[in-house]
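In what follows, a single structure is set out as structure tokens and then discussed.
The values are calculated or read from the model by the stated rules, or taken from the named source; none is laboratory data. Being a predicted model, the structure only gives us computed values, none of them experimental. FYI the Cβ positions are ideal-geometry reconstructions off the backbone, even for glycines, and counts take in every protein chain you see.
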Amino acid sequence: MNNNPIIKVENLTHIYSPGTPFQVVSLEGISLEIARGEFFAVIGSTGSGKSTLVQHFNGILAPAKGKIWVCGADISDKRQRRDLWRRVGLVFQQPEQQLFEETVFDDVAFGPRNMGFDQDEVKRRVEKALQQMGLDPATVSGVPPFRLSGGMRRKVAIAGVLAMTPEVLILDEPAAGLDPQGRKQLMDLVEDFRREEGVTMVLVTHNMEEAALWTDRMAVLDKGRLVMEGSTREVFNKAGELRALGLNVPAPAQLMCKLRAAGKQVRTDVLTNEEAVEEIARLLSET
């Protein structure tokens, strides 16, 4: 692990409505590190605390107990937490619902303008962010966001975060509700941005294929606790443990597990269709 992780969490606990009859411990004793430039996934069943965890990473939430450092800032310190939005971008589920300006340009420009950039730099950032999301600035800049398709509105909303050139980009179910082709196109664009800018990416997802294709390492949460952490391949090779938590493994790994249960000597840590094809071809060549 990087000696200087961009995100470091030590014994984090978060409590909603503390001291009231509605008190809920959402996170308890979470410790993990995320390296600079890494693509990290947070997975878990509904109510496991995924969104609560990542909302600490950009200072929306502060720890009830424990410590978190993000980009060197101690988010327990309100003064350090105040400016974290400049360095850590958070894309919520269905981000297109957050569009509020009259034109696409103004929506994407909102962040850079609030960062104090001059008009030329704002324009440069808006055009670059739209291009990074596969949109033509000349075509869409003057269009009201509500006139765009749902998929294009989502890209515009994400472009508004990219325009601030964050060091960390947090994606909370960014492709929810999109068809498979739309999901892949969106994640391809996000991955291109990560590689181009060297950004650290944190993905919250229910889609195991998505996590398998894109991420380097992952954390698994269950009822507010960290129950598993490791490389994506290591975690998805624990199919039985994941199923016990109400989670599944990517379809290629499921197929390999069924073949292994049928007595076939195949790897069970495959993550992609291509790896599954290679493993089946190897098996057939030996028969």
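Miscellaneous remarks
- Top-ranked residue of segment 212-227 - restricted to ones that are hydrophobic (A, V, I, L, M, F, W, C) and either touching an Asp or Glu at 6+ places or on another chain (Cβ under 6 Å) or under 21 Å from Pro252 (Cα atoms) (or both), ranked as surrounded by the fewest Cβ atoms within 10 Å (Cβ to Cβ): Leu213
- Every pair of residues 6+ apart whose Cβ atoms lie under 6 Å, when the first sits in segment 84-110 and is in contact (Cβ under 8 Å) with a residue 24 or more places away in the chain while the second is assigned to a loop (DSSP other than H, G, I, E, B) and of a type in the set (S, T, N, Q): Leu84/Asn58; Val88/Asn58; Leu90/Asn58; Val104/Ser141; Phe105/Ser141
- Residue within segment 198-220 that is touching a Gly at 6+ places or on another chain (Cβ under 9 Å), among the charged types (D, E, K, R) and outside the structural domain of Leu12 (by TED's automatic domain parsing) present: no
- Test: residue in segment 189-209 that is more than 21 Å from Val70 (Cβ to Cβ), touching a Ser or Thr at 6+ places or on another chain (Cβ under 9 Å) and either assigned to a helix (DSSP H, G or I) or free of Cβ contacts under 8 Å to residues at least 24 places away in the same chain (or both): yes
- Some residue of segment 73-94 being more than 30 Å from Ile30 (Cα to Cα), not assigned by TED's automatic domain parsing to the domain that holds Asn4 and not in a helix (DSSP H, G or I): no
- Look at (1) without any contact (Cβ under 8 Å) to a residue 12 or more places away in the chain; (2) in contact with a strand residue (DSSP E or B) (Cβ under 6 Å, 6 or more places away or on another chain) and you find that Ile75 fails only one, number (1).
- Ala159 vs. criteria out of contact with any strand residue (DSSP E or B) (no Cβ under 7 Å at 6 or more places or on another chain), assigned to a loop (DSSP other than H, G, I, E, B) and buried (at least 22 other Cβ atoms within 10 Å of the Cβ): no
- Residue that is surrounded by the fewest Cβ atoms within 10 Å (Cβ to Cβ), among those in segment 38-58 that are in a loop (DSSP other than H, G, I, E, B) and in contact with an Asp or Glu (Cβ under 9 Å, 6 or more places away or on another chain): Ser45
- Residue ID - surrounded by the most Cβ atoms within 10 Å (Cβ to Cβ), chosen from residues in segment 101-138 that are farther than 16 Å from Thr165 by Cα and within 23 Å of the chain's Cα centre (by Cα): Leu135
- For segment 59-72, the candidate set comprises residues that are in a strand (DSSP E or B) and out of contact with any His (no Cβ under 6 Å at 6 or more places or on another chain); within that set, the residue that is farthest from Gly37 (Cα to Cα) is Lys65.
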